[in-house]
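Report on the structure given below.
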Amino acid sequence: MATVIVHKAGLLTTVQDRGRYGYQRYGMPVSGAMDVFSLELANLLVGNDSGDACLEATISGPDLEFTCATWVAITGADMEPHLNDRGIPMNTAVDARPGDTLGFRGLRSGCRAYIAFAGGIAVQSVMGSRSTYLRAGIGGFQGRALMPGDELPLGEPLGKPRLKKIPEGLIAEYKHEQTIRVISGPEAHYFEIAGLRSFLSTEYTVTVQSDRMGYRLSGEPIRHKEGMTNIISAGTSLGTVQVPGDGQPISLMADRQTSGGYARIANVITADLTLLAQMRPGDKIHLKETTLDIAKQICISRQQALLDCN
Amino acid sequence: MTEVTLKYIPSGDSAFIIKAGDVISEEVNLVVRKLLARLEEENIPGVIDFIPSYNELMVCYDPAKIGYRRLLETLRACAADPAAILLPAPQVVHVPVLYGGEAGPDLNHVAEHNRLAAPDVITIHTSADCLVYMLGFTPGFCYLGGMDKRIATPRQETPRLKIPAGSVGIAAEQTGIYPMESPGGWQLIGRTPLRLFNPDSNPEFLFSAGDYIRFYSVDKDEYERIAAAVAEGTYQVIRTPKE
């Protein structure tokens with residue numbers, strides 16, 4: 001069987017696909033890639049379906065060995081990938097031979113790298129997805145982050161990849177300071193005008209408490225109107241920004257709880273979630289309001305660019 | 001049913017909220033569940049998930065597959081007359097609980113707090129049917145209504161670090177069951193041998209929004225017998241129509 005052997009795991013490396021939909025009504029988080037766009041690009045490069053399972057490496061990458069000939073592609077954060085001690089380019093399909101080793105030397109940009117193999121990672125699908133949900137120990141490779149000695153099964157490749165390299169224009173630039181666009185949320189009226197103003201004018205810092213569940217930002221506190229901190233527990237969506245009583249916003253990410261009780265001030269647009277997911281503790285964020293129409297336009301043009309390059 | 005005015009609110013560019021009211025009530029929650037049933041039946045292309053809660057239905061969609069204007073139009077058309085949507089009769093799920101002792105270390109505290117004897121707490125806890133308003137917080141956790149206020153007890157001041165799966169607890173005027181081992185501050189009065197969430201079984205979750213839970217007291221032997229049957233996958237959960 002075609003496999004990849006894990007020699008070193010990296011800080012937090014998990015199997016992820018687009019996520020586990022259909023069970024949020026039971027309180028089951030979606031999980032899936034934090035930066036879905038990079039996951040899709042990586043899959044396209046090796047000839048997979050765009051939602052196949054890849055590895056998501058966080059901050060530091062794994063050391064892997066191939067037991068078979070395959071294609072491999074790395075997108076997202078640049079962790080200085082090396083094949084047998086030779087540097088290989090990002091966003092490019094690379095040939096791997098049996099016995100070849102893939103390693104990472106550092107972190108040049110971003111936070112999360114996506115490693116796709118031709119055929120995808122063929123771990124058992126749990127409730128319709130191969131994504132790892134760490135808190136419940138479900139999906140992915142035995143429900144957990146990779147460890148040395150793990151051997152990942154690869155699926156049957158669909159065919160030779162047609163796309164060798166991602167067009168320059170589609171590759172995001174990961175900076176330590178980003179403008180992230182948001183749409184006004186269902187409880188924006190729970191906040192003082194001054195609070196809303198500080199939300200859109202403060203420079204926020206990504207805190208070390210940020211993880212796959214949520215990005216916790218710190219900056220000038222956002223003031224709620226008197227007694228309007230909590231709501232009747234209600235659904236959350238990807239990128240929902242909730243503000244607890246301390247006034248420090250949290251943007252909910254892939255492993256978010258399906259429901260929450262804090263006022264939802266805004267929502268990060270889909271296109272910018274991929275940038276946010278690549279930010280690290282200490283990075284700076286400016287939030288900017290946009291509209292549903294603009295968000296839709298960005299989404300459609302990016303989807304078109306993906307189709308064009310395939 | 002009184003006339004309901006639904007509100008449609010975007011939650012970013014990948015979800016719409018249909019809000020059925022501003023209060024926790026069985027009536028508002030019923031509208032939410034009716035809308036869910038109706039929209040599921042519609043099978044709208046591009047809609048990928050639903051999150052029903054107390055007073056809202058969140059409709060999750062893929063913005064690359066369906067535009068929000070067209071989605072909103074479809075939602076409005078489907079939700080035009082919630083009263084005309086008929087749901088199947090609700091079910092009562094019977095939940096065995098071993099009360100007190102190691103399984104329910106706070107039973108006596110709940111009794112003392114409410115100036116009751118421990119058996120009275122059990123009698124009161126097993127006498128009401130609790131509506132599952134929604135699930136959330138952790139996979140399989142039910143937000144329940146209907147607990148008798150006579151056994152209401154504030155949360156523990158210091159949460160426990162590890163609470164076993166199946167623990168039945170009280171927090172203020174709410175009762176609930178821990179689906180997975182987790183930390184928590186509820187007053188634990190007992191434990192059920194049932195599994196609320198099992199990714200390998202079909203269905204994966206024991207409860208759905210709209211079910212009612214009726215607790216009943218079992219002794220240690222009965223608890224062990226049910227736990228063994230659950231582990232073997234042979235246990236038949238008792239469900240009866242809500243009268």
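Among the residues that make up the stretch A:169-187, is at least one of them under 30 Å from A:Met228 (Cβ atoms) and among the acidic types (Asp, Glu)?
For the stretch A:169-187, residues under 30 Å from A:Met228 (Cβ atoms) and among the acidic types (Asp, Glu): present.
Yes/no per residue for (1) within 13 Å of chain B (Cβ to nearest Cβ); (2) under 14 Å from A:Gly19 (Cβ atoms); (3) in a loop (DSSP other than H, G, I, E, B); (4) within 19 Å of the chain's Cα centre (by Cα):
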| position | (1), (2), (3), (4) |
| --- | --- |
| A:Asp95 | no, no, no, no |
| A:Ala116 | no, no, no, yes |
| A:Gly119 | no, no, yes, no |
| A:Val123 | no, no, yes, no |
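If we keep just the residues of the stretch B:134-159 that are in contact with a Gly (Cβ under 7 Å, 6 or more places away or on another chain) and surrounded by fewer than 17 Cβ atoms within 10 Å (Cβ to Cβ), which is farthest from the other protein chains (Cβ to nearest Cβ)?
B:Gln156
Please determine whether any residue of the stretch A:239-246 is surrounded by 19 or more Cβ atoms within 10 Å (Cβ to Cβ), within 20 Å of the chain's Cα centre (by Cα), farther than 18 Å from A:Glu177 by Cβ and facing another protein chain (nearest Cβ under 8 Å).
The answer is yes; a qualifying residue exists.
Which residues, taken from the stretch B:117-134, are of a type in the set (A, V, I, L, M) and either over 26 Å from B:Asp211 (Cβ atoms) or not assigned by TED's automatic domain parsing to the domain that holds B:Ile213 (or both)?
B:Ala117, B:Ala118 - these are the residues of the stretch B:117-134 that are of a type in the set (A, V, I, L, M) and either over 26 Å from B:Asp211 (Cβ atoms) or not assigned by TED's automatic domain parsing to the domain that holds B:Ile213 (or both).
Any idea how many residues of the stretch A:41-69 are surrounded by fewer than 21 Cβ atoms within 10 Å (Cβ to Cβ) and assigned to a strand (DSSP E or B)?
The total comes to 2.
Let's see how each residue does on (1) more than 18 Å from the chain's Cα centre (by Cα); (2) in contact (Cβ under 8 Å) with a residue 60 or more places away in the chain; (3) assigned to a loop (DSSP other than H, G, I, E, B):
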residue	(1), (2), (3)
B:Ala165	no, no, yes
B:Gly176	no, no, no
B:Pro179	no, no, yes
B:Arg195	no, no, yes
B:Ser201	yes, no, yes
B:Gly210	no, yes, yes
B:Ala229	yes, no, no
B:Thr234	yes, no, yes
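I'm trying to understand the selection: among the residues of the stretch A:250-284, which are farther than 30 Å from A:Lys225 by Cβ and within 9 Å of chain B (Cβ to nearest Cβ)?
The one that is farther than 30 Å from A:Lys225 by Cβ and within 9 Å of chain B (Cβ to nearest Cβ): A:Ala271.
Going residue by residue through the stretch A:100-111, is there one that turns out to be within 22 Å of A:Lys8 (Cβ to Cβ) and more than 23 Å from the chain's Cα centre (by Cα)?
Checked against the condition, which is being within 22 Å of A:Lys8 (Cβ to Cβ) and more than 23 Å from the chain's Cα centre (by Cα), the stretch A:100-111 yields at least one hit.
Among the residues of the stretch B:29-61, which ones are of a type in the set (Gly, Ala, Ser) and either within 10 Å of chain A (Cβ to nearest Cβ) or under 16 Å from A:Gly27 (Cβ atoms) (or both)?
B:Ser53
State all residues of the stretch B:182-236 that are on the phi < 0 side of the Ramachandran plot and exposed (fewer than 12 other Cβ atoms within 10 Å of the Cβ); if no residue qualifies, say none.
Of everything in the stretch B:182-236, those that are on the phi < 0 side of the Ramachandran plot and exposed (fewer than 12 other Cβ atoms within 10 Å of the Cβ) turn out to be B:Pro183, B:Asp200, B:Asn202, B:Pro203, B:Asp219, B:Lys220, B:Asp221, B:Ala231, B:Glu232, B:Thr234, B:Gln236.
Run down A:Ile298, A:Ile285 and say which single residue is surrounded by fewer than 21 Cβ atoms within 10 Å (Cβ to Cβ) and assigned by TED's automatic domain parsing to the domain that holds A:Asp211.
Among A:Ile298, A:Ile285, only A:Ile298 is surrounded by fewer than 21 Cβ atoms within 10 Å (Cβ to Cβ) and assigned by TED's automatic domain parsing to the domain that holds A:Asp211.
Might you check whether a residue that is within 14 Å of chain A (Cβ to nearest Cβ), touching a Leu at 6+ places or on another chain (Cβ under 7 Å) and not hydrophobic (A, V, I, L, M, F, W, C) occurs anywhere in the stretch B:77-97?
No: the stretch B:77-97 contains no residue that is within 14 Å of chain A (Cβ to nearest Cβ), touching a Leu at 6+ places or on another chain (Cβ under 7 Å) and not hydrophobic (A, V, I, L, M, F, W, C).
Does A:Gly137 qualify as being farther than 19 Å from A:Met1 by Cβ and surrounded by fewer than 16 Cβ atoms within 10 Å (Cβ to Cβ)?
yes
Any chance the stretch A:70-92 includes a residue that's at pLDDT below 95 and either within 17 Å of the chain's Cα centre (by Cα) or part of a loop (DSSP other than H, G, I, E, B) (or both)?
Checked the stretch A:70-92: at least one residue is at pLDDT below 95 and either within 17 Å of the chain's Cα centre (by Cα) or part of a loop (DSSP other than H, G, I, E, B) (or both).
Which numbered condition in (1) at positive phi; (2) in contact with a helix residue (DSSP H, G or I) (Cβ under 7 Å, 6 or more places away or on another chain); (3) not basic (Lys, Arg) is the only one that A:Gly227 fails?
Unmet condition: (2).
Residues checked against (1) in the same structural domain as B:Leu57 (by TED's automatic domain parsing); (2) basic (Lys, Arg):
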{"position": "B:Leu75", "(1), (2)": "yes, no"}
{"position": "B:Pro96", "(1), (2)": "no, no"}
{"position": "B:Gly100", "(1), (2)": "no, no"}
{"position": "B:Gly104", "(1), (2)": "no, no"}
{"position": "B:Val110", "(1), (2)": "no, no"}
{"position": "B:Arg115", "(1), (2)": "no, yes"}
{"position": "B:Phe137", "(1), (2)": "no, no"}
{"position": "B:Leu144", "(1), (2)": "no, no"}
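Only residues that are under 16 Å from B:His94 (Cβ atoms), within 14 Å of chain A (Cβ to nearest Cβ) and not aromatic (Phe, Trp, Tyr): list them for the stretch B:177-209, please.
Scanning the stretch B:177-209 gives B:Ile177, B:Arg195, B:Leu196, B:Leu206, B:Ser208.
Criterion first (hydroxyl-bearing (Ser, Thr, Tyr) and either in a loop (DSSP other than H, G, I, E, B) or crowded, with 22+ Cβ neighbours inside 10 Å (or both)) does A:Ser251 satisfy it?
In short, yes.
Could you say which residue among A:Leu307, A:Leu287 is of a type in the set (A, V, I, L, M) and more than 11 Å from chain B (Cβ to nearest Cβ)?
A:Leu287
Looking at A:Met28, A:Met34, A:Met1 in this structure, which one is farther than 15 Å from A:Ile115 by Cβ, in contact (Cβ under 8 Å) with a residue 60 or more places away in the chain and more than 14 Å from chain B (Cβ to nearest Cβ)?
None of the other options fit; the residue is A:Met1.
Would you point out the residue of the stretch A:130-170, among those that are touching a Leu at 6+ places or on another chain (Cβ under 8 Å) and assigned to a loop (DSSP other than H, G, I, E, B), that is modelled with the lowest pLDDT?
My answer is A:Lys164.
Every residue in the stretch A:11-40 that is among the charged types (D, E, K, R) and part of a loop (DSSP other than H, G, I, E, B), please.
A:Asp17, A:Arg18, A:Arg20, A:Asp35
The values are calculated or read from the model by the stated rules, or taken from the named source; none is laboratory data. This structure is a prediction, so every number in the text was calculated from the model and none was measured. Here the Cβ is made from the backbone with ideal geometry for all residues, glycine too, and neighbour counts use every protein chain on show.
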